[in-house]
Each structure stands twice: as C-alpha cells, then as structure tokens.
Amino acid sequence: MRDIVTPGDAAIHLDHVTKVFGKAGSATAYRVVDGLNLDVRPGQMLALLGKTGCGKSTIFNMIAGLTEPTSGTVRVSGRDPFADFDSFRGRIAIVFQNDRLLPWRTAIQNVELGLEMLEVPAAERRATAQLWLTKLGLGGHEHDYPHALSGGMRQRVSIARAFATNANILLCDEPFSALDESTAGKLRAEFTRLVKENGKTAVFITHSISEALEIGDRIVVLKRPAKIAYDVSFDTGTGQEERELIRSRIGDVLAV
Amino acid sequence: MSETSPQAGSAPRANALLAAVRRLGTSVLPFVVVILIWQFASLFFPRFLFPSLIDVFWRCIDIFSSGAMFADVLATIFRILAGLAGAFIVGGALALLMVRSRAVDNFLSPILTLFQGIPALSWVVFAIIWFHGVEFRIFFIMVMTTLPAFTFQVLGALRGMSRDLMEMVFSFRPTRLKLFRVMIAPAILPDILTAWKVNLGNASRVVVVAELVGATGGVGYELLQQQQLFDMAGALAWTLQLVFFVLIVQGALTLIENTVFRYRAVSERAI
C-alpha cells in the first residue's frame, strides 16, 4: 500500500528536512522536524496525521514557504518555496485552522484577496469570487462582513478564497477542527469533491483518523519529532475491511 | 379579516423620537449646566471676572465676521494641522523603522521617552533660542510635543496587528505596496484615528502656549492681548474659537470612524 513517487515527478518534495527552533546546539534548541523525507505526487490528496506538537504545522509552513528549514531541501513544483517566495504567487493556496478573514472586508472582498495579488482585473475578480461563493452555498451573503456570518459560513468563505486563485497546490491546516461535527462533515465532503474536480494537489493536516481516511488518498502518520512512522495509500476501491485495518494500524502507531 | 390600529405604527415612531430627544438632552445637558452657572455668576461678579455669555456670544460673532480676526483663527488652525501632520509623518516613519529593527527600537525608545518628559513650555524656550522664523518655531514646537505620542501609538498599532491575518495575507505573496494597502493600513487605521483625536487636543493646548510667547498673530497672541486689556469676554471668545475647531475636527473624525469601521460587530451589551 506504500506509495512510490520519484522526486522528479513530485509536486512536493522534502529531502532530509530538519527544523530546529532556538539556537542549534544550545540547551533551548528544540528539534521539531527530524530528517523528514516525503514526496507528494501531483493530484494526490495527502493527509498528514500526528499528535499535537509533532511538527505538522511546521512542515506545513515550510511547504508554504513561510518558514525556512534548518537543513535539508524543500521543493514545490521543483522550486524552493522559501527562497523563491514571490514566484509561487497564485500557485499555493492555504486554508487555515481558523477562517482568518479580514474583518474589514465583506465575504466577496475576502474571496477576491488572492486575485488582487495576481492583478486580475476587477470585473473578472468579482465574477470569479461570486462563482466560488455560489459554489460553496454562500449566494446572497456576498456583502456580509465576517462578523455577520456563522463559523461554518466563514470557513466556507476561506475555502472559496483558497480555490479562487486556481492554485495547483492546496495546503489545509485542520480547516474543520473548529466547527461542529455536522457542519464539518458537510464541508469536508464539499471540499473533497472540489479538490478532486479541480485536480489539485492537497496536503491536509489533521489529528483525526476518521477525517484522514475520509479525505486523503494517502495518509502519512508522523511521530515526534516529525518523521514518518506510517505511510499508506488507498483509493475509492479500498474496501471497508481494509480501511478498518488501516485505522487500527494508525491507532497503534499513534499510541506508541 | 384583519384590522390595523392607526396607533400601531406611530407608537414606535414616538418612542424613537423620545429616545433621540433623550440622547440629545443627555449630551447637551452638561453644557447647559455650565452655561447657567456662568451666567448666574455673571450677575454677582464684576464683568472682568465673569462677563455675561451674551457679550461673549457677540464677541464670537465679531471674530467670525472680521476678516483680520478670523485670519488669526485660521493661522492657528493651520499651525495645529501642520504640526500634527509633520509629527504624524515623522512618527509613522520612526514607528515603521522601530518595528522592523530591534536595534532602532532600543535606540529610539529612550530618546522619545525623554522627549515625552520635556514640558511644552521648555520646547517653546528652546525654539525661541534656536530659531528665528516664527512659523518654523511653532512648527518645531508642535512636532516635538506630539511626536513621541504619535510614534508610540503607531508603533503599538503595528505591533498589535494580528499575526494570523498577517500570515494569511503573506501566504498570497503580496508586494510590499499591496501588503500595506490590504493589511497594514486597514489594521492600524482605528489606532491612528484615536491617536489623531488624542493629539488634536494636546496640540490645540500647546499651540496657544507657543503663540503666546513666540508669535505675532493667532489665537494665542490674541489671548495675550485680552489678558493685557483684562478683557475676559474677549479671552473667552478667542478660547471658544479653538474649542469649536477641536469639536468640529473631533466630529469629523467620529464620522469617519462610523463610516469606515461599520464592519465592526456591535454587542447589544455595553462594557
């Protein structure tokens, strides 16, 4: 069940990546990621699973180019996302744990944000934002400010914002963890459908085994400090029995 | 069949009107009380101590209607606004440098704190000794007295920006200009407007001191003339010019706040 991706084919390639917070070698130095090797092929939906504090978000930030690795190589579509930060404009989109909507912008203006960075003309920007809001069931709420929307609606706006730029790589940091199970379930299904429909490569951070099984077509379980403890790929053809085996195996790995 | 009472619509309207009158009354009442006390005192004290407010009112009209006198008011207003704008631009630039570099912050913070401890009158004396031009002296005094507050207020606003929102905007790889336009400017605007409101009051007090000592025109200079003539009605009328100005600008800033910050959620329960 292990997925084989050669580095040249990978949409995301991490080679012996280590991240240490604090001064290396000092008593306060804290190793969060330890020689991680990971390749994600284009169109794959990878669920990164691990206990709190295992370095999931640090890996996420390194792939996003927001944090530089202490050592090792991070490549997204063959380029360094930290060093070539600006060249990834419009190529990587992020859905955060909380919605992170700008409170001074209406729902539609928030969705337009990424398109503004790409210098998309105003009319086209507005039409694209409107389309994504409608797709996510927010028609009629375009001109509402975030404070007037529910938590689920706000997270829908943030998903629309991520999809609107048509980025190839989608990074999601526990985007449904702050929502009630019913809303999270609906959004998760919508999200998975949209990712598949639009052929995105997605890295989805979660600490829920059920969510990882529902969303991912590959699950990587991390131990602390971040290093792969278990790596499994599956597809829609994977039977319930096999999924239960995967669940059980992940549970065992996380229990260690 | 349904019937509509003619009173049904008028009752809420009457309540709204009553609430509006009550709000107006609450805001006007303190002024009415002060005016009545002053007017009452004017009946028992000499004119040079407590002149009738009717006299003060006519003196105000004189100032408004006389071109030369109103030019003095405008000169003072210009000095306040120029000083505030200068302090805001320099303070904003210093705050940006301080937020970008800890070394600059460590160097400038003690100096600005030191400046904060220097009385406005000392800056007036320094300006008279150091500079010749009246306008530059006043500009210098205004900038030096309001610079530390502006710098620290803008610095606080920049440091108070949400790290989460900043990271979110960064994830879209904005240019510096776009980052400023979509994130930094709207995030710090509320604090900047508050800083202007606070410094406007300070500046209107300082400008009078500066003009009192070092100018040949303006509200401060005119106040000095009234003091020499022992003309309390004149002194009050000139003082009121500044009060009117501060009230008008504060009102304009509040209007801007109400328009620009309409995105803010309003709780039905007050603090």
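The values are calculated or read from the model by the stated rules, or taken from the named source; none is laboratory data. Here the structure is a predicted model, which is why all the values come from computation and not from measurement. Please note: Cβ atoms are built from the backbone with ideal geometry, for glycine as well, and neighbour counts cover all protein chains shown.
Here are the numbers:
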| read-out | value |
| --- | --- |
| All positions within segment A:99-111 that are surrounded by fewer than 21 Cβ atoms within 10 Å (Cβ to Cβ) and facing another protein chain (nearest Cβ under 7 Å) | A:P103 |
| Residue list for segment B:152-174, restricted to those being at the interface with another protein chain (Cβ under 9 Å from one of its Cβ atoms) and not polar (S, T, N, Q) | B:D164, B:L165, B:E167, B:M168, B:V169, B:F170, B:F172, B:R173, B:P174 |
| Count - residues of segment A:79-88 that are within 12 Å of chain B (Cβ to nearest Cβ) and out of contact with any Gly (no Cβ under 9 Å at 6 or more places or on another chain) | 2 |
| Evaluation of B:V169 against (1) touching a residue at least 12 places away in the same chain (Cβ under 8 Å); (2) surrounded by fewer than 18 Cβ atoms within 10 Å (Cβ to Cβ) (one fails), failing number | (2) |
| Positions within segment A:66-78 being out of contact with any Asp or Glu (no Cβ under 8 Å at 6 or more places or on another chain) and within 13 Å of chain B (Cβ to nearest Cβ), in sequence order | A:T67, A:V76 |
| Test: residue in segment A:190-199 that is away from chain B (no Cβ under 12 Å) and under 18 Å from A:R100 (Cβ atoms) | yes |
| Meets criteria (within 25 Å of B:Y263 (Cβ to Cβ) and hydroxyl-bearing (S, T, Y)) for A:S182 | no |
| Residue count, segment A:177-209 (criterion: in contact with a Lys or Arg (Cβ under 8 Å, 6 or more places away or on another chain) and among the small types (G, A, S)) | 0 |
| Total residues in segment B:147-197, condition touching a helix residue (DSSP H, G or I) at 6+ places or on another chain (Cβ under 8 Å), closer than 18 Å to A:R161 by Cβ and not hydrophobic (A, V, I, L, M, F, W, C) | 5 |
| Yes/no for B:P148 being more than 10 Å from chain A (Cβ to nearest Cβ), of a type outside the set (F, W, Y) and crowded, with 16+ Cβ neighbours inside 10 Å | yes |
| Members of segment A:49-84 found to be assigned to a strand (DSSP E or B), surrounded by 19 or more Cβ atoms within 10 Å (Cβ to Cβ) and in contact with a Phe, Trp or Tyr (Cβ under 9 Å, 6 or more places away or on another chain), listed by number | A:L49, A:V74, A:V76 |
| Search result, residues across segment A:119-130 that are over 24 Å from B:R262 (Cβ atoms) and exposed (fewer than 15 other Cβ atoms within 10 Å of the Cβ) | A:E119, A:P121, A:A123, A:E124, A:A127 |
| Contacts under 6 angstrom Cβ, first residue in segment A:226-241 being closer than 25 Å to A:H16 by Cα, partner of a type in the set (D, E, K, R) and part of a loop (DSSP other than H, G, I, E, B), 6 or more apart | A:D231/A:R2; A:S233/A:D3 |
| Only listed residue being of a type in the set (V, I, T), within 27 Å of the chain's Cα centre (by Cα) and modelled with pLDDT under 90, chosen from B:V28, B:V56, B:V90, B:V99 | B:V28 |
| Test: residue in segment B:63-70 that is surrounded by 12 or more Cβ atoms within 10 Å (Cβ to Cβ), farther than 20 Å from B:T216 by Cβ and either modelled with pLDDT of 90 or more or among the small types (G, A, S) (or both) | no |
| Members of segment A:145-181 that are surrounded by 17 or more Cβ atoms within 10 Å (Cβ to Cβ), farther than 19 Å from A:A93 by Cβ and within 14 Å of another protein chain (Cβ to nearest Cβ) | A:Y145, A:L149 |
| Unique residue being within 14 Å of chain A (Cβ to nearest Cβ) and touching a residue at least 60 places away in the same chain (Cβ under 8 Å) when the list is B:L177, B:L189 | B:L189 |
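Here is a yes/no grid of residues against (1) away from chain A (no Cβ under 14 Å); (2) in a helix (DSSP H, G or I); (3) surrounded by fewer than 17 Cβ atoms within 10 Å (Cβ to Cβ):
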| residue | (1), (2), (3) |
| --- | --- |
| B:I184 | no, yes, no |
| B:E211 | yes, yes, no |
| B:Y221 | yes, yes, no |
| B:Q227 | yes, yes, yes |
| B:F244 | yes, yes, yes |
